[in-house]
Every structure is written in structure tokens, then in C-alpha cells.
Amino acid sequence: MAYKWDFGVLYAYLNLWVKGLSVTLAYSAGTVLGGLIIGVICGMLLLYRRKWVTLPVHYYVEIFRCTPLLVQIVWFYYALPIVLSVELPAWLAAGLGLTLYMGAFSTEIFRGGIISIDKGQWQAARALGMTGGELMRHIILPQAIKRMVPPFVNQSIIQLKNTSLLYVVAVPDLMYTGSVVVADTFRPLEVYTSVGIMYFAILYPLTLWATRMEARVDQ
Amino acid sequence: MTNSVLTNSASTGDVMVRVEGLRKSYGTVEAVRGVSLEVHRGQVVVLIGPSGCGKSTFLRCLNLLEAPSAGTLQVGERTIDFGSGHSMPHGRALARFRARIGMVFQQFDLFPHMTALRNVMAGPVIVKKMAAAEAEAIARALLAKVGLGAFTGRYPRELSGGQQQRVAIARAMAMAPEVMLFDEVTSALDPELVGEVLDVMKQLAIEGTTMIVVTHEMAFARDVADRVVVMDAGQVVEQGVAEEVLLQPKNPRTASFLSRFHSTIGERKGPLSS
């Protein structure tokens with residue numbers, strides 16, 4: 001017997017979907033922004049030559065790059081409150097994990113952008129008598145930021161998809177909303193297909209835009 | 001101090017650069033092994049020697065792009081001692097020291113996100129905090145002087161190598177430096193573009209710019225240099241008036257180095273001579 005698709009039942013949960021979608025978008029925007037700030041600060045710190053500055057940042061980045069995000073989210077949710085002996089609400093624990101994860105990758109993107117600028121640029125600016133701040137602001141950053149944008153947009157796209165992992169700690173994002181609706185309707189095929197379509201509908205235009213940006217930077 | 005970019009008097013006498021016993025080592029390798037040098041106002045000193053002899057490293061020590069390991073360096077009135085017990089200037093003091101020394105590099109190193117005009121304005125505006133209008137006037141005059149008056153709006157990628165290098169010279173000159181350092185500035189250029197850059201340098205020399213030039217252009221050394229300094233293995237092996245050093249070298253190491261260039265030194269090109 002062929003399966004009879006019925007997407008109609010999903011309309012009944014419209015306000016749940018809207019809520020789930022906004023949670024997903026809010027987590028994406030919030031953790032991308034937080035990660036960007038961490039990335040700029042830690043990326044700058046990595047440029048210092050002092051080991052006691054760079055080493056902690058290095059380990060922070062590597063710990064978050066070399067452990068699965070799912071493990072991080074679960075760890076922040078279950079273990080961190082015990083370690084700090086404070087009660088962390090689920091939304092905060094989960095958000096913290098996602099933000100630090102994004103921060104680790106942003107740090108690498110920022111550092112990579114800065115060191116990709118030719119050594120000659122640094123020496124020419126120094127030879128003119130620019131201080132570190134002046135050469136960073138007027139010479140290095142204007143060139144480096146252009147190169148940082150495409151990888152940062154790519155990482156943000158990955159980050160939006162990663163928010164679906166919040167599902168495991170019961171944050172009511174798009175994915176979690178899906179599981180709620182499935183429990184109510186017993187229609188996993190329609191529900192998870194729709195969830196996938198919604199992620200795609202948000203991200204596809206973003207990737208197109210990112211590709212255009214990359215082409216522009218390559219010029 | 002007057003802004004003497006365009007009218008430099010060629011009075012000799014006062015010492016602009018004095019170097020004593022300068023050393024630079026990387027780990028156990030000593031690239032510069034006790035070099036002393038004195039350059040007077042308006043003088044053109046050309047440094048020659050086989051590649052790897054330490055001449056570029058020495059030049060980069062003069063504006064502290066490389067930190068000397070030992071010795072004394074005086075530029076203008078400012079004297080710095082290096083070695084144990086002395087600390088390199090850093091931060092703003094280091095930047096201010098460099099601001100009075102112009103440098104032009106082998107690879108031009110123009111700022112690719114700025115037009116030729118903005119490149120030349122960069123030093124005065126960013127370092128000296130000069131008003132944009134004033135800096136622009138200086139920059140336009142300098143670009144006209146290096147023959148690029150019609151190219152002010154071009155980006156570096158839209159210019160030939162020779163044009164880029166002339167912009168780089170103008171950029172360094174815009175700071176009205178006390179001395180100009182040239183580090184093999186024609187080595188990365190196609191042969192047909194070398195002349196236009198050397199012509200600009202000759203012009204600067206005639207106008208009395210104090211210059212220290214590392215180059216393999218022996219004809220330039222012969223025609224423009226007040227003094228030629230020969231380096232080998234991190235040391236000065238011979239120095240003196242260009243004609244003497246180039247044509248009658250006393251040191252066998254100079255002679256063997258120069259033997260490769262004799263066809264260039266022998267022929268006389270322009271009427272220009274020092």
C-alpha cells in the first residue's frame with residue numbers, strides 16, 4: 001500500500017513552527033555575533049608574540065575544534081552546572097556551547113585573514129613610521145577583512161545548521177518543534193521533510209550570496 | 001624644519017647617518033659582522049657585493065626593520081646603542097625613528113587597496129596626521145615629479161612594475177625623510193623598465209637627497225655614487241670613490257666580484273656623472 005502524503009496536518013501547528021523558526025534564527029544570529037566578537041578578540045591575541053597570551057587561546061581553539069559540537073552542548077548542559085555548582089538554564093548552557101564553538105572557528109578565520117596579508121605590506125607600513133595600531137587599522141585590516149568575509153559567511157551557514165543540535169537539550173528550535181509535532185501527529189515523513197525544506201529555504205539564498213562574495217574578493 | 005621634498009640643498013658636511021660596529025646575527029649565523037659607515041647630507045652611497053653578503057640585512061638594520069645585535073646607529077640627531085644592556089626603541093618611539101627614514105623595496109609593496117595618490121598620501125596623513133588637502137598637494141607634486149602625474153587615480157594592479165616602483169619612491173619621499181634607503185629596487189623589474197626607475201633615482205641624487213642604495217646596477221653606481229662600499233661575508237671589504245673602487249679595486253675579493261660586471265662598468269651611457 002502506497003503511503004499517502006498529507007502535509008495539511010502541519011498547518012494546525014503554525015504558531016509552533018513560527019516559534020521554532022524564530023528560536024533557530026535567534027540562536028544563529030546570537031551565537032554568530034557572540035562568536036564573531038570572541039573571534040576578533042582571540043584572533044588579535046594570537047598575533048602577540050608572548051606565549052602566555054597565545055597558548056591559552058590556542059588551547060581554547062583546539063579544544064573546541066577537536067571535540068564534536070554535540071558533545072560540547074551536552075557537556076555544557078549537564079557537566080558545567082556541576083563544575084561551577086550553579087544552575088544554568090538549558091537555553092543558556094546550550095547557547096554558551098554554540099557561541100564558544102563559533103568563537104573558536106572565528107578566531108582561526110580572523111587570524112588566517114591577518115596572516116594572509118603579504119609581509120611586504122607590514123614592512124612598507126612600518127618603514128613609513130606607522131605604529132602597530134595605525135598599520136593594523138589603515139593597511140592590514142582593510143585588506144584582511146575582505147578575505148575574512150567568505151569563510152565567515154560559510155561558518156555562519158554551518159552554524160545555523162548546527163543549532164539543530166539544540167534539540168538534544170530540549171531547546172524549542174525548529175528541529176525540536178519537529179519532534180513535538182511528530183509526537184502529536186505520527187507524521188514523521190511530512191514533518192522532517194518540511195523541517196529540511198525550511199532549513200534549505202533559509203540557507204540556499206545565503207550560500208548563493210556567499211558564492212557571489214567570494215567571486216568579488218577573488219578579483 | 002621646512003618641507004624640503006622638492007628642493008633639497010646639496011650641502012655636504014653634517015653627518016646624516018653614522019653606523020659603528022653594527023652586527024646582526026640570527027642564532028649562530030652572523031649576517032652583518034661589525035660594519036661602520038658614515039653618510040653625509042646629500043651623499044649617495046652605493047652598497048654592492050655578492051648576494052648573501054649581508055648588504056640588504058645591513059640596510060634593513062638602518063631603519064630597524066631588523067633589530068641589530070650590537071653596535072651604534074645615528075640618524076640625524078638620534079643615536080641608538082644596541083647589544084646587551086641596551087634596549088631597542090619600541091612602539092611610538094620606534095615608529096617615529098622610522099618616519100624620518102624613507103625606504104623602497106624590491107617588491108614595491110604598494111598598498112593594493114589605495115590609489116597611487118592615496119599610497120603617496122598614506123605616510124603624511126596616517127603618520128604625521130597632516131590635513132588631507134596638504135598631503136594631497138605634496139603627493140600630486142611628487143607623482144608628477146616621478147612622471148606619473150596622469151596616473152594618480154590608478155590602483156597598483158593597474159600599473160606596470162616600473163610605474164609601481166616610482167609610486168613607491170614617491171610614497172617614501174612624501175615623508176620628507178632625512179635619508180632614503182633603496183633595497184635592490186630594480187631587481188624585480190623587467191629589463192626594459194629598469195631605466196625609468198634609475199632615472200628617478202638619479203634625479204633625486206642630483207637634487208641632493210641623501211641616499212644609501214643597495215644595487216647590482218654597476219653603471220648606476222659608477223655614474224651616481226659619491227662613494228661605493230663593497231661588502232662580503234658581512235663585512236666592508238673596500239670603499240671609496242666609485243671610479244676607483246669599480247675600475248681599480250684593491251681588494252682581491254672586490255676584483256673577483258666585479259669581474260662579472262666589467263662590460264657594464266666600462267661602457268659610458270649618459271652624460272650623467274657624479
Discussion item. Suppose the filter is closer than 21 Å to A:GLY35 by Cα and small (Gly, Ala, Ser); does A:SER179 pass it?
Written reply: no
Item to complete: Read through the list (1) modelled with pLDDT of 90 or more; (2) more than 14 Å from chain B (Cβ to nearest Cβ); (3) surrounded by 14 or more Cβ atoms within 10 Å (Cβ to Cβ), then give the number of the only condition that A:THR67 fails.
Response: (3)
Worksheet item: Just checking, how many residues over region A:1-31 are out of contact with any helix residue (DSSP H, G or I) (no Cβ under 9 Å at 6 or more places or on another chain) and surrounded by 18 or more Cβ atoms within 10 Å (Cβ to Cβ)?
Response: 0
Practice prompt. Give B:ARG140, B:ARG166, B:ARG171 a once-over and let me know the one that is more than 12 Å from chain A (Cβ to nearest Cβ), within 16 Å of the chain's Cα centre (by Cα), at pLDDT 95 or above and assigned to a helix (DSSP H, G or I).
Written response: B:ARG166
Discussion item. Whether any residue in region B:180-189 is away from chain A (no Cβ under 11 Å) and over 19 Å from the mean Cα position of the chain (by Cα) is what I want to check.
Written reply: no
Fill in: B:GLY240, sole failed condition from (1) out of contact with any strand residue (DSSP E or B) (no Cβ under 6 Å at 6 or more places or on another chain); (2) at pLDDT below 90; (3) of a type outside the set (D, E, K, R)
(2)
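Residues that are within 14 Å of another protein chain (Cβ to nearest Cβ) and either farther than 24 Å from B:VAL75 by Cβ or in contact with a helix residue (DSSP H, G or I) (Cβ under 9 Å, 6 or more places away or on another chain) (or both): does region B:190-203 have at least one? Talk me through it step by step, then tell me what you get.
We begin by selecting, within region B:190-203, every residue within 14 Å of another protein chain (Cβ to nearest Cβ); these are none.
No: zero hits.
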Worksheet entry | Sole exception among (1) surrounded by 12 or more Cβ atoms within 10 Å (Cβ to Cβ); (2) at pLDDT below 95; (3) within 27 Å of A:PRO151 (Cα to Cα) for A:TYR77, by number | (3)
Worksheet item: So is A:ASP173 acidic (Asp, Glu) and more than 14 Å from every other protein chain (Cβ to nearest Cβ) or not?
Response: yes
Worksheet item: For region A:101-125, how many residues meet the condition of being crowded, with 19+ Cβ neighbours inside 10 Å, facing chain B (nearest Cβ under 10 Å) and among the charged types (D, E, K, R)?
Response: 0
Discussion item. Checking the conditions here, which among A:ILE63, A:ILE114, A:ILE41, A:ILE82 is among the hydrophobic types (A, V, I, L, M, F, W, C), closer than 30 Å to B:THR57 by Cα and part of a helix (DSSP H, G or I)?
Written reply: A:ILE114
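Quick check on this structure: which one of A:LEU128, A:LEU135, A:LEU141 is surrounded by fewer than 21 Cβ atoms within 10 Å (Cβ to Cβ) and either of a type outside the set (Gly, Ala, Ser) or more than 9 Å from chain B (Cβ to nearest Cβ) (or both)?
After applying the criteria, what remains is A:LEU141.
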Worksheet item: Which residue out of A:VAL182, A:VAL149 is touching a Pro at 6+ places or on another chain (Cβ under 6 Å), within 25 Å of A:GLY95 (Cβ to Cβ) and of a type outside the set (Gly, Ala, Ser)?
Response: A:VAL182
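Looking only at residues in region B:221-258 that are part of a strand (DSSP E or B) and among the aliphatic types (A, V, I, L, M), which one is farthest from B:MET201 (Cα to Cα)?
Looking at the filtered set, the residue picked out is B:VAL237.
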Worksheet, complete the sentence: The one condition A:TYR60 fails out of (1) surrounded by 12 or more Cβ atoms within 10 Å (Cβ to Cβ); (2) at pLDDT below 95; (3) within 18 Å of the chain's Cα centre (by Cα); (4) farther than 27 Å from A:LEU189 by Cα is (2)
Item to complete: Taking only region B:199-225 into account, find how many residues are over 13 Å from B:VAL44 (Cα atoms) and touching a residue at least 24 places away in the same chain (Cβ under 8 Å).
Response: 5
Item to complete: From A:LEU166, A:LEU160, grab the single residue that is in a helix (DSSP H, G or I), touching a residue at least 60 places away in the same chain (Cβ under 8 Å) and in contact with a Pro (Cβ under 9 Å, 6 or more places away or on another chain).
Response: A:LEU166
Worksheet entry | Single residue of B:MET103, B:MET121 found to be under 20 Å from B:VAL197 (Cβ atoms) and in contact (Cβ under 8 Å) with a residue 40 or more places away in the chain | B:MET103
Worksheet item: Taking the stated definitions as given, is A:LEU45 without any contact (Cβ under 8 Å) to a residue 60 or more places away in the chain, within 14 Å of chain B (Cβ to nearest Cβ), touching a helix residue (DSSP H, G or I) at 6+ places or on another chain (Cβ under 9 Å) and over 28 Å from A:ALA26 (Cβ atoms)?
Response: no
Worksheet item: All but one of (1) under 16 Å from the mean Cα position of the chain (by Cα); (2) crowded, with 20+ Cβ neighbours inside 10 Å; (3) at pLDDT below 95; (4) outside any helix (DSSP H, G or I) hold for B:ILE212; which doesn't?
Response: (3)
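The values are calculated or read from the model by the stated rules, or taken from the named source; none is laboratory data. Model, not experiment: these values are computed from the prediction. Cβ coordinates were reconstructed from backbone atoms using ideal geometry, including for glycine residues, and neighbour counts include every protein chain displayed.
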